Structure formats: structure tokens, C-alpha cells
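The values are calculated or read from the model by the stated rules, or taken from the named source; none is laboratory data. All values derive from a computational prediction rather than experimental measurement. Note: ideal-geometry Cβ built from the backbone for every residue, glycine included; neighbour counts use all protein chains shown. These area figures cover heavy atoms from the full protein model, side chains too; ligands, DNA and RNA do not enter into them. Shrake-Rupley method; radii C 1.70, N 1.55, O 1.52, S 1.80 Å.
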Amino acid sequence: MSLNPVTPAFIADLQAVLPESAIRETAPHYLEEPRGRWQGQAGVVVAPQDTAQVSAVIRAAAAARVPVVPYGGGTGLVGGQIAPDGPAPVLLSLERMRAVRAIHARENLMLVEAGAILSDVHDAAARAGRLFPLSIAAKGSARIGGLLATNAGGVNVLRYGNARELCLGLEAVLPDGQIWHGLKRLRKDNTGYDLKDLLIGAEGTLGVITAATLRLAPRPAGEGTALMVVENPAAALDLLSLARDHLGEGVSAFELIHRAGLDFLAETLPDIRQPFVRTPEWFVLVDIGLARGLDPAAALETLFAEGLEAGLVSDGLIAQSEAQRHEFWEVREQIPEANRLIGALSSHDISLPLEAIPDFIARAPDHIARLGAFRINCFGHLGDGNLHYNVFPAQGQRRDDHLDARDAIKRCVHDLVHEMGGSVSAEHGIGRLKVGDLERYGDPAKLWAMRAIKSALDPLGIMNPGAVLRSL
């Protein structure tokens with residue numbers, strides 16, 4: 001069924017049901033995405049102030065068969081938030097719906113609107129003496145609705161889970177404009193299909209998330225961070241097992257970092273303080289949060305000593321202050337920016353079974369070398385099996401000189417990941433970038449079910465067409 005572009009008549013229909021403040025100028029940032037792969041388009045940008053206005057927009061779009069692209073903070077890395085082709089859509093921004101509706105500290109819950117910025121949610125939870133543990137580098141601009149729509153991960157998945165595990169209920173507008181009032185505060189509710197889990201990760205293709213009930217956690221009484229040098233990824237994996245044996249759920253994050261990340265930081269962001277005098281080949285960042293009465297620094301010292309005795313670590317630094325903890329995390333969180341400045345030829349957000357990670361890291365460079373001489377920066381969330389495996393031109397060469405190799409590199413990496421039982425999309429979603437990958441590597445029965453669900457809930461195909469599933 002064909003879709004129609006936004007027309008002056010359609011905009012007039014919107015103006016009849018929305019306040020003047022809801023119609024926004026189509027500023028350039030709405031049509032861009034962080035990696036610069038695509039340039040988007042929009043027939044009109046609307047920024048509703050409440051869920052009723054979102055419903056009015058969707059009803060009007062359904063009546064006119066006009067596509068709708070939901071827009072959060074614009075930080076997505078797979079193009080799900082823009083429409084580079086097809087009929088000019090309504091770009092529906094949640095930026096004005098930022099309220100924290102309620103905090104129930106005794107229940108460890110927060111009700112928040114979809115346009116709330118992640119760092120603001122962190123601050124609101126902290127004021128209530130609680131922690132909202134989802135954390136990503138783009139926390140200052142990413143919004144809750146987009147984070148849920150992509151089932152975002154981040155650095156604390158090891159302890160607290162993905163966005164899906166941090167959400168108890170949703171409010172959403174379905175593709176016909178109906179409002180689903182699902183903001184429940186229940187941890188047990190077996191009343192049929194779980195629409196919440198269906199909408200989380202759907203990237204706006206099945207409806208628009210307008211608010212969420214988020215899980216909070218007690219704030220750890222003491223936190224500690226260390227950098228520990230390991231000989232290789234296998235040793236890092238053994239150190240992770242040792243850390244969890246001793247600290248259990250006290251391990252909040254366990255990040256694997258290759259020396260290429262520090263080299264790229266030195267080249268592009270020299271103001272970032274380098275933690276080691278001599279750059280190691282591999283090291284890990286370990287972050288822990290412990291209950292009252294336990295000493296994080298002492299726990300990390302014990303972990304280092306036992307890791308040293310077991311031959312797993314050879315050097316390390318334990319943060320002696322909150323400022324030093326911040327410095328350690330700054331190194332990790334600025335690596336993606338250094339990658340961007342260097343100019344990745346092909347970036348891969350992949351996950352593997354934990355025990356397969358050392359083998360993958362050992363095998364992948366040989367596969368890539370058959371395609372040419374390239375640099376690799378491999379880093380990521382070792383604790384949950386998520387690697388960011390990025391390929392760059394050789395030193396002194398430009399990315400634009402090798403664009404013809406991009407597809408072959410991606411295919412090479414993804415084929416190996418699939419062969420080893422992994423996923424070609426760990427935490428960034430499918431968007432528009434990986435639609436073909438989903439078709440190539442996805443289970444046929446799952447794809448059939450996904451298309452059936454899309455057809456049933458959005459028979460007109462107006463919701464974010466071309467994202468996740470190819471438009472037919």
C-alpha cells in the first residue's frame with residue numbers, strides 16, 4: 001500500500017488539532033545522524049506537548065497515509081531516526097515531553113516521559129537517593145523514548161541489564177492513534193501478550209513510546225574503578241570470572257580496551273590524560289559498587305593481587321579519588337569520539353558468547369587482512385559479550401580511498417560473528433543500516449513473525465517505514 005508525502009493540506013489538518021507551538025521549523029539537526037551516512041528529509045516537524053497531541057498526529061497521519069518517523073535525541077547510530085528516501089514524512093519529535101511524572105523511591109520506580117534526557121533522569125533519581133543505571137556516552141542528549149525503542153545497552157548491562165530489563169511499563173500511541181495506558185508499577189502481571197516488550201526494541205515501527213515506568217536501584221554505598229593490564233582477551237575473560245566469583249553482583253562494568261584506543265586518543269584528543277606511561281596491548285576497566293561496610297578499594301586490591309598470582313594481570317591502577325575514577329572513565333567514553341575523528345571505514349556493534357570472544361578477536365584480523373591493510377580498534381563491554389569492532393584505513397591513508405572495501409569488510413566480520421553464534425547488532429539496533437543484515441542472518445521463522453506483527457499492528461505501514469524491516 002503506497003504512502004503519501006506531507007502536503008500543505010495535511011499540515012493544515014495538523015494545525016487544526018495542534019497548538020501553534022507544536023509545529024517546528026525543520027532545523028538541520030533533525031535531518032542528520034551522527035555518522036553522516038544519510039541525509040534525512042521531513043515534510044513537517046511536530047513536537048507535541050502531551051500524549052493526546054501525539055495521538056492526534058498519528059490519527060491524522062493514518063487518515064492521510066502519511067509516514068511518521070519518531071525522533072528522540074538523534075543519537076542513534078544505525079539511521080533509525082531519519083528518512084533518507086520515500087515520501088516526505090512527519091518527523092515526530094518527543095523533545096517537549098520531558099517531565100518526570102512521579103518517583104516512588106520505596107518501590108524503586110520512576111514514571112518519566114519519553115523526551116526526558118538520560119542525564120536528567122540520572123539527576124532526578126539521585127535526588128531521590130536512587131540510581132537509574134542505564135548509562136551511555138551520549139547521556140547528555142539521548143532521550144528515554146529512543147533508548148527504549150532501541151533497547152539500548154551501555155556500560156552497566158553486566159549488572160543491571162539492557163533497557164528492556166529496566167522498564168516495567170509503557171504508555172504508547174499505536175499506529176491507529178489509540179493510546180495504550182500501560183504505565184503499570186507491577187513486577188508480576190501475567191495478563192496476556194507483553195506489549196511492553198514488543199514495543200521496546202521495535203525502533204518506532206509499531207508505535208510511539210510516550211512515557212515509561214523505569215526501574216531504579218539503590219545507590220551503592222561505595223564505588224571503585226581500576227585499570228588492569230592483561231596479556232590477552234582470554235586472560236581478561238578469566239579475570240572477569242575471578243571478579244564475579246569474589247564480588248558477585250558488585251561488578252557493575254567490565255570493559256575490554258585495546259592499545260589502538262589509546263593511540264587514537266593520543267592522536268586526536270591529546271588533552272585526555274593517558275593512564276599508563278607505557279601503553280599496554282590490552283587492559284580492562286573494572287567498575288564496582290558495594291554495599292555499606294565494604295571497601296571498594298580494598299576489594300579491587302584483592303582482585304589485582306589474586307589476578308597477579310594467577311598470571312592474569314601484570315600491572316594496574318586503582319582510582320584513589322572520585323576525580324581519578326572520572327579520568328579512567330573519560331578514557332573509555334572518549335574512544336568512540338576518537339574513532340569518529342580518525343574515520344572508521346566500517347564499524348561493527350557485535351555480540352558473541354563470552355567464551356568465543358578470544359577466538360573471534362584472534363581470527364578476525366586474518367580474515368580482514370585478505371581484503372587489504374587495515375587498522376582495527378576492538379573494545380567494548382566484555383562482561384556482556386558486546387564488542388565494538390571497528391576497522392580503519394592504514395596509517396596515513398584516508399577513509400574515502402577505501403570506501404569500495406566497506407561492504408566486503410562488514411560482510412567478512414558479520415559472517416564470522418554469525419558462524420560463531422553471535423549477533424550482528426548487539427545494542428545499536430537495526431535501523432536502516434542493518435536491514436539487509438537482518439534478512440541475511442535472521443532466523444526465517446522470526447522474520448516471518450516480525451512481518452506478521454508489523455502487518456497486524458500497522459497495516460498502512462506508516463510507522464517509521466524502511467526501519468528494521470524493508471518496506472514492501
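Observations on the model:
- Separation in nanometres of the label points that stand 7 Å from Cα toward Cβ, at His29 and His418: 3.8 nm
- Gyration tensor (alpha-carbon) shape descriptor, segment 318-428, a/c threshold 1.5: oblate
- Identified option (computed log10 I(q)/I(0) by the Debye sum over Cα atoms at q = 0.07, 0.13 Å⁻¹; candidates (1) -0.44, -1.19; (2) -0.50, -1.26; (3) -0.38, -1.26): (3)
- Every Cα-Cα pair of segment 240-299 was included, and the share exceeding 13 Å stands at 68 percent.
- Local net charge near Asn377, Cβ-Cβ under 11 Å (Lys/Arg +1, Asp/Glu -1): +1
- Per the Debye formula on identical point scatterers at the alpha carbon atoms of segment 1-92, with no solvent, log10 I(q)/I(0) at q = 0.21 Å⁻¹ is -1.01.
- Each residue, Gln397 and Ala362, gets one label point 7 Å from its Cα in the Cβ direction; the gap between the two is 2.7 nm.
- Shape of segment 269-320, Cα gyration tensor, a/c cut at 1.5: oblate
- Based on protein heavy atoms only, the chain ends up with 43 Å² per residue of surface accessible to a 1.4 Å probe.
- For Val229, net neighbour charge (Lys/Arg +1, Asp/Glu -1) across residues whose Cβ lies under 11 Å away: -1
- Amide H contacts under 5 Å for Gln41: Ala83, restricted to partners 5 or more places along the chain or on a different chain, H placed in the peptide plane at 1.01 Å from N.
- Mean residue ellipticity (222 nm) of the chain, computed from DSSP H runs ≥ 4 via -39,500 (n - 2.57), nearest 500: -10000 deg cm²/dmol
- Cα centroid separation, segment 413-452 to segment 1-70: 29 Å.
- Here's the list of lysines a cross-link from Lys184 could span, going by alpha-carbon distance under 21 Å and ignoring same-chain residues fewer than 8 apart: Lys196.
- Positive minus negative residues near Arg59 (Lys, Arg vs Asp, Glu; Cβ under 15 Å): -3
- Think of the chain as having a plus end and a minus end, set by charges on the Cβ of Lys, Arg, Asp and Glu; of Val229, Thr279, Val6, Val6 sits farthest toward the positive end of this dipole.
- Remark: the chain carries a charge dipole of roughly 1260 debye about the Cα centre, counting +1 on each Lys and Arg Cβ and -1 on each Asp and Glu Cβ.
- Between Ala16 and Arg219, the FRET efficiency from the beta-carbon distance, with R0 = 60 Å, is close to 0.80.
- Surface composition of the chain: carbon plus sulfur atoms hold 50% of the accessible area, using a 1.4 angstrom probe and ignoring ligands, DNA and RNA.
- Projecting the Cα atoms of Val435, Ser471, Tyr389 onto the dipole axis of segment 329-472, where Lys and Arg carry +1 and Asp and Glu carry -1 at the beta carbon, places Ser471 farthest toward the positive end.
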